[in-house]
1. Can you go through Met109, Met129, Met168 and tell me which one is away from the ligand (no atom under 16 Å from the Cβ), on the phi < 0 side of the Ramachandran plot and at pLDDT 95 or above?
2. Condition (residue is among the hydroxyl-bearing types (Ser, Thr, Tyr), surrounded by 19 or more Cβ atoms within 10 Å (Cβ to Cβ) and more than 7 Å from the ligand (Cβ to nearest atom)) applied to the stretch 25-36: is it met by at least one residue?
3. List the pairs whose first member sits in the stretch 108-132 and is in contact (Cβ under 8 Å) with a residue 40 or more places away in the chain and under 12 Å from Leu91 (Cα atoms), whose second member is polar (S, T, N, Q) and surrounded by 16 or more Cβ atoms within 10 Å (Cβ to Cβ), and whose Cβ atoms are under 9 Å apart, counting only residues at least 6 apart or on separate chains?
4. Out of the residues in the stretch 195-217 that are buried (at least 23 other Cβ atoms within 10 Å of the Cβ) and within 20 Å of Pro166 (Cβ to Cβ), which is nearest to the ligand (Cβ to nearest atom)?
5. Would you check which residues across the stretch 133-148 are crowded, with 20+ Cβ neighbours inside 10 Å, of a type in the set (S, T, N, Q) and more than 13 Å from Thr92 (Cα to Cα) and list them?
6. Within the stretch 37-81, work out how many residues are within 16 Å of the ligand (Cβ to nearest atom), in contact (Cβ under 8 Å) with a residue 60 or more places away in the chain and in contact with a helix residue (DSSP H, G or I) (Cβ under 7 Å, 6 or more places away or on another chain).
7. Does any residue of the stretch 117-131 turn out to be of a type outside the set (S, T, N, Q), under 20 Å from the mean Cα position of the chain (by Cα) and surrounded by fewer than 18 Cβ atoms within 10 Å (Cβ to Cβ)?
8. Quick one: which helices (runs of 4 or more DSSP H) lie wholly within the stretch 34-123 and hold at least 1 residues that are β-branched (Val, Ile, Thr) and out of contact with any strand residue (DSSP E or B) (no Cβ under 7 Å at 6 or more places or on another chain)?
Amino acid sequence: MLEVNDLRVSYGAVNAVQGVTMRADAGRVTLVLGANGAGKTTSLRAVAGFHRPKGGDVLLGGDDLAGRRAHVMVRHGLVLVPEGRRVFSTLTVEENLRMGGYRAPRSRMAAALDEVYEQFPILAERRDMAAGLLSGGEQQMLAFGRAVMSQPKVILMDEPSMGLAPTMVERVMTQVRAIADRGIAVLIVEQNADAGLAIADEVSVITRGRTVWTGPAAQASRAAVHAVLGESAL
Ligand code: ATP
């Protein structure tokens, strides 16, 4: 579904990403691991159309869309749930969700909302509440639900567990798995390796802007992953 080859991204003279290769497939969860500053956020943002890559391919359903802007990527079925769960805090939960589905015809909007409410019952309960009043975990669900409203084929998620209590991390991860099980390709970046490994099918490890290991999650032994992350963090 999504294939990223040899992605390179710079901020002026800083080569933040210099050879990232990763993929996401329908019904699968790909986990991208890496220490602070390894280039994970930059890679996701470049794939989603928020940074222009300096090189590499971003193949989506066979088309090379590297360098296309975010709204074009959304039209092609790829959406990013950014770090820090940016929701519109003064709008209600439902208004936030409607914004995610802004491209849907009116007739489709109601069905899309129903699907999201079925998947995230807490959002149905809170539908008329201002998003800013939700807990951190609920805001993460809302950011996630808003992405689902665009009926994507590929969802990229940047550190969904960040700042959440352990029980909430588990709930969010369960939702990530459930979305993949509906046939969507999910690629998530996590610093919480244990939480990510619990739901992942494939793993890519990024160290200093490069993909250094890719393989099935079952082979990504915790010890090996921690060794790589520990080393890169030195
Ligand atoms: P984190 O988990 O801390 O977000 P990350 O793996 O997502 O880390 P990035 O945020 O992608 O890493 O950063 C990769 C590298 O690019 C780092 O060396 C960082 O300092 C640098 N960088 C990130 N944003 C900018 C920017 N706007 N200008 C210059 N350098 C940047």
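The values are calculated or read from the model by the stated rules, or taken from the named source; none is laboratory data. What you see is a predicted model; the values in this text were computed from it and never measured. Because the Cβ atoms are built from the backbone with ideal geometry, glycine has one as well, and the counts that use them run over all protein chains shown.
1. Step by step, each of Met109, Met129, Met168 is checked, and only Met129 is away from the ligand (no atom under 16 Å from the Cβ), on the phi < 0 side of the Ramachandran plot and at pLDDT 95 or above.
2. Looking through the stretch 25-36, at least one residue is among the hydroxyl-bearing types (Ser, Thr, Tyr), surrounded by 19 or more Cβ atoms within 10 Å (Cβ to Cβ) and more than 7 Å from the ligand (Cβ to nearest atom).
3. Matching pairs, first to second residue: Ala130/Thr92; Ala131/Thr92; Ala131/Asn96; Ala131/Gln139; Gly132/Gln139.
4. Gly196
5. Listed by number, the list holds a single entry, Gln140.
6. 4
7. No, the stretch 117-131 contains no residue that is of a type outside the set (S, T, N, Q), under 20 Å from the mean Cα position of the chain (by Cα) and surrounded by fewer than 18 Cβ atoms within 10 Å (Cβ to Cβ).
8. Fully inside the stretch 34-123 and qualifying: 70-75, 93-100, 106-119.
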